[in-house]
1. What's the magnitude of the charge dipole for the chain around its Cα centre, counting Lys and Arg as +1 and Asp and Glu as -1 at the beta-carbon? Answer in Debye, nearest 20.
2. Please identify the cysteines of the chain that lack any partner cysteine with a Cβ under 4.7 Å from their own Cβ.
3. Please work out which option in (i) 0.90; (ii) 1.67; (iii) 1.45 gives Cα Rg over 2.2 N^0.38 Å calculated from these coordinates, and answer with its label.
4. Can you give me the Cα centroid spacing of the range 457-497 and the range 91-159 in angstrom?
5. How much net charge surrounds S60 when only other residues with a Cβ under 10 Å from its Cβ are counted (Lys, Arg +1; Asp, Glu -1)?
6. Go through I335, I219, V146 and say which Cα lies farthest out towards the positive end of the charge dipole of the chain; charges sit on Cβ, +1 for Lys and Arg, -1 for Asp and Glu.
7. Given axes a ≥ b ≥ c from the Cα gyration tensor, I'd like to know whether the range 436-557 is rounded (a/c under 1.5), prolate (a/b larger than b/c) or oblate.
8. Under a Cβ-only charge scheme (Lys and Arg +1, Asp and Glu -1), can you give me the dipole magnitude of the range 2-199 about the Cα centre, in debye to the nearest 20?
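No value in this document is a laboratory result; all are computed from the given coordinates. Remember, it's a predicted structure, so these values are computed and weren't measured experimentally. Glycine gets a Cβ as well: all are built from the backbone with ideal geometry, and neighbour counts include every protein chain shown.
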Amino acid sequence: MLIELTHSLINKLGIIVLSAFMLSKSKLFKRYILKEKLTLRDKIIFSLLFGMVGIIGTYSGIPIDDAIANSRSIGVIVAGLFGGPAVGIGAGLIAGIHRMVIPLGRFTAIACGISTILGGVIAGYLKKYVDTKPKKWMWGFLIAAVIESVQMIIILIIARPFDQALSLVQLIFLPMTFINAAGTAAFILLIQQIHEENERAGAVKAQLALSIATQTLPILRNGLSQKSSQAAAKIIYEATGVDAVSFTNTQSILAHIGVGTDHHKVGDLIHTNITKKAILLKQCMIGQDKTDIECHKTSCKLKACIVVPLYIKDTIIGTLKLYKTIENSITSLDIELAKGLAHLFSTQLELSEIYYQKELLNKAEIKALQAQIQPHFLFNALNTIVSFCRTDALKARDLLMQLSFYLRNSFKTTGDLIPLAQELKHIESYLSIEQARFSERLEVKYNVDPSIDCLIPPLILQPIVENALKHGLMSTKQGGKLEINAYKNEVGVYVQIKDNGIGMTPQKIKAILEGTDLTAGIGIQNVNNRLKSIYGTTLQIESLVNQGTSIQLIFSQGGED
């Protein structure tokens, strides 16, 4: 009898396992089971669903002496372990009350109904503990075995006559306990498989998003334009397998690749109402059919889409859209992919904006340097030239030509990089005029390797030379000597500007490099910042008070022509 009962229960268990398998393949079930936090509506749905699984377990049971050997507890235990106390109790009440009222197996109806509800309570409150364990199926097996044992005890306590209850328990205890525990473990394994498949798919999507972001990074570095959008859309289209990809700004279509290019044309105003809503409401919009998309062309083959806004800081600058040609085909993974891409693109675009603003700032600082240098120097130079007009006309003519070159070079220096020779010629013109002005107080010496062919940022040496002259040499009555040395090796080009003036204290050097010394103006600080930004190096300053200062700049090989 025991063997026959075990064999029959195993056969009946197949119904529960089949139900579990069919549930595991349902998109609706997957969507609910993958939620991290269940709403009240979700809990009610789960309670009804697993309660029905419990009822199926009752009806698929085997009648024995006015009782039923069944698999009812499987659905209730799984409900508690995955849905928590509320779902476990809900499913237990549904399956338990049903067991109490149906006209089958009346001998154990009350005992089995109570034990079913209690099983839901126990499983529900053990959820948090089981969630911390790696092998949930094994814990499900053990918990189900314990709950079945509790059910047998309740049958012995409540069912009468006791002798009949004892005979029943002796017959059904081992097969029901083992088979229902195994069924619970199998059900849990199927649900775990859903989570594992989702994690694998999520990992693939994350890797895909990262791959796309890596490819589009250099493209979007210059901002969101028709050209950059078209290139980025092509990469996404080829990588994701969606039917169409589109980028828009807040007014018009920047790019459209795939199905629908005949009427979703670059440069046209935005056609789809779903895109307009995404921009207006500043939120992701999902369309699962043509009525959601609301394209102006009724014959449009695009039947599902997700529209995600693109931001720079808190301002919407456009949208990314992924389209499919089958209704209700946008999955949760598609949504996560689109949101992830939009977030990465928004970050890239924000960085490009920061880079652009930094470039503007650098150019503004150069302009400020030009404006700072020109006025006071121009007045002093003109006064010097006027004085030579009376005493040495040829000298005055030469100085006027030097001034002309200096000013012309200052006004046209707007590029990113210029030849080192041009910067040195600019400095030579400046120092020629200053030598004429200070006469014997200023001595200048050049030691420059003529083979150097190097590109450097404009006006990067001028502030250092002017600072050495103004604050180093001319602060003493006797003046001094200024040396400009330039040579190269395997690392790069070294330029040294050296004077024998009043020198600086270590504290002053530190303040200049940190930008807290206001007496140096923006010149030295600007040079140091630009060196750090472009070459990753800083000014090397060595100085002794009353002995002089040496400032060295290193231009790496990346700056050579």
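1. Value, rounded to 20: 1140 debye.
2. For the chain, the answer is C112, C284, C305, C389, C454, because their Cβ atoms have no other cysteine Cβ under 4.7 Å.
3. Checking each listed value against the structure points to (ii).
4. The range 457-497 and the range 91-159 have Cα centres spaced 88 Å from each other.
5. Taking every Cβ under 10 Å from that of S60, the sum is +2.
6. V146
7. It comes out oblate by the Cα gyration axes.
8. Charge dipole of the range 2-199: 660 debye, to the nearest 20.
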